[in-house]
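Visitor: Next up is a structure, given as structure tokens.
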Amino acid sequence: MRIIGGELKGRKLISVPGTDIRPTADRIRESIFNILAGRVGGAVVLDLFAGTGALGIEALSRGAESAFFIEINKRALSVLKRNINTCSVGNKVTIIQWNILENLTCIQSMRPAFNLVFMDPPYNKHLIGPSLSNLHDSGCLESGACVTIEHSHLEPIAEGPLPFNVFDQRRYAKTLVSFLNYML
């Protein structure tokens with residue numbers, strides 16, 4: 001696994017041993033950032049279920065202003081910290097160990113508000129709806145923020161009362177990447 005573009009292009013990232021954490025494949029990450037090209041520069045990024053940090057670090061490499069990483073798994077947090085150190089982006093990063101499914105009160109006071117969010121929850125665990133609800137309840141998103149979710153094609157994004165609208169979806173084998181706008 002490596003950084004695909006930007007000033008850190010080619011930097012190698014380490015993965016979490018085992019199968020608990022599933023990092024975003026390089027080609028899917030490249031496709032995501034091609035779609036998001038105009039939204040990354042100067043962005044304030046939130047990386048939920050951060051794992052190795054590949055999505056947030058890729059955004060920093062491509063000009064994002066800062067990135068907040070939220071992860072609960074201790075092994076993943078250790079790898080995330082090593083990847084941030086390897087890429088020398090620690091001055092632009094905040095790491096929070098937190099259970100996203102309980103709430104996101106840990107980021108309620110964060111300013112400036114987030115305008116680019118990555119969410120890569122474990123597949124087929126029905127975590128997308130509760131995570132989006134907690135994200136909305138946190139009050140930490142700019143109106144017009146883009147939320148990118150990597151998920152199983154068997155677990156679609158449910159349309160509901162929350163102000164998230166799917167504006168694009170791309171399928172890569174068993175992975176679906178959904179792009180949502182947050183409209184308050």
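Visitor: Of all residues in region 3-34, count the ones that are more than 15 Å from GLY56 (Cβ to Cβ) and free of Cβ contacts under 8 Å to residues at least 60 places away in the same chain.
Guide: Number satisfying all stated conditions: 9.
Visitor: Just need a number here: residues in region 49-100 that are over 23 Å from ARG111 (Cα atoms) and among the charged types (D, E, K, R).
Guide: Residues that pass the stated criteria total 3.
Visitor: Mind listing just one residue for me: the one in region 157-177 that is within 16 Å of GLY129 (Cα to Cα) and under 18 Å from the mean Cα position of the chain (by Cα) and, of those, surrounded by the most Cβ atoms within 10 Å (Cβ to Cβ)?
Guide: Within region 157-177, the match that is surrounded by the most Cβ atoms within 10 Å (Cβ to Cβ) is PHE164.
Visitor: Answer yes or no: is there a residue in region 32-45 that is under 15 Å from THR148 (Cα atoms), modelled with pLDDT under 95 and under 16 Å from the mean Cα position of the chain (by Cα). Break it down into steps so the answer makes sense when it comes.
Guide: The first filter runs over region 32-45 and keeps only residues under 15 Å from THR148 (Cα atoms), leaving 32-40, 43-45.
Checking the rest, the ones that are also modelled with pLDDT under 95 come to 37-38.
Then keep just the ones that are under 16 Å from the mean Cα position of the chain (by Cα); that gives 37.
Within region 32-45 (the criterion being under 15 Å from THR148 (Cα atoms), modelled with pLDDT under 95 and under 16 Å from the mean Cα position of the chain (by Cα)), the answer is yes, since at least one residue qualifies.
Visitor: Of the residues that sit in region 154-184 and are without any contact (Cβ under 8 Å) to a residue 60 or more places away in the chain and either in contact with a Lys or Arg (Cβ under 6 Å, 6 or more places away or on another chain) or among the β-branched types (Val, Ile, Thr) (or both), which one is nearest to ALA113 (Cα to Cα)?
Guide: VAL166
Visitor: If you don't mind, another one. Can you pull out every residue in region 1-16 that is β-branched (Val, Ile, Thr) and either under 23 Å from LEU36 (Cβ atoms) or outside any loop (DSSP other than H, G, I, E, B) (or both)?
Guide: ILE3, ILE4
Visitor: Of all residues in region 99-156 being among the charged types (D, E, K, R) and either under 15 Å from the mean Cα position of the chain (by Cα) or assigned to a loop (DSSP other than H, G, I, E, B) (or both), which is surrounded by the most Cβ atoms within 10 Å (Cβ to Cβ)?
Guide: ASP120
Visitor: Considering LEU127, LEU132, which residue is in contact with a strand residue (DSSP E or B) (Cβ under 8 Å, 6 or more places away or on another chain) and closer than 16 Å to LEU46 by Cβ?
Guide: LEU132
Visitor: Further question: Any idea which residue in region 17-31 is modelled with the highest pLDDT, counting only those that are outside any helix (DSSP H, G or I) and surrounded by 19 or more Cβ atoms within 10 Å (Cβ to Cβ)? Full working, then the answer.
Guide: Filtering region 17-31 for residues outside any helix (DSSP H, G or I) gives 17-25.
This time we only want the ones that are surrounded by 19 or more Cβ atoms within 10 Å (Cβ to Cβ), so: 21, 23-24.
Values: ILE21: 73, PRO23: 76, THR24: 80.
Residue satisfying both the conditions and the ranking: THR24.
Visitor: Filter region 47-90 for residues that are among the acidic types (Asp, Glu) and surrounded by 21 or more Cβ atoms within 10 Å (Cβ to Cβ) and give the result.
Guide: Selection gives ASP47, GLU58, GLU71.
The values are calculated or read from the model by the stated rules, or taken from the named source; none is laboratory data. If you're wondering where the values come from, they're calculated on a predicted model, not measured in any experiment. Neighbour counts run over all protein chains shown; Cβ positions are idealised from the backbone, glycine included.
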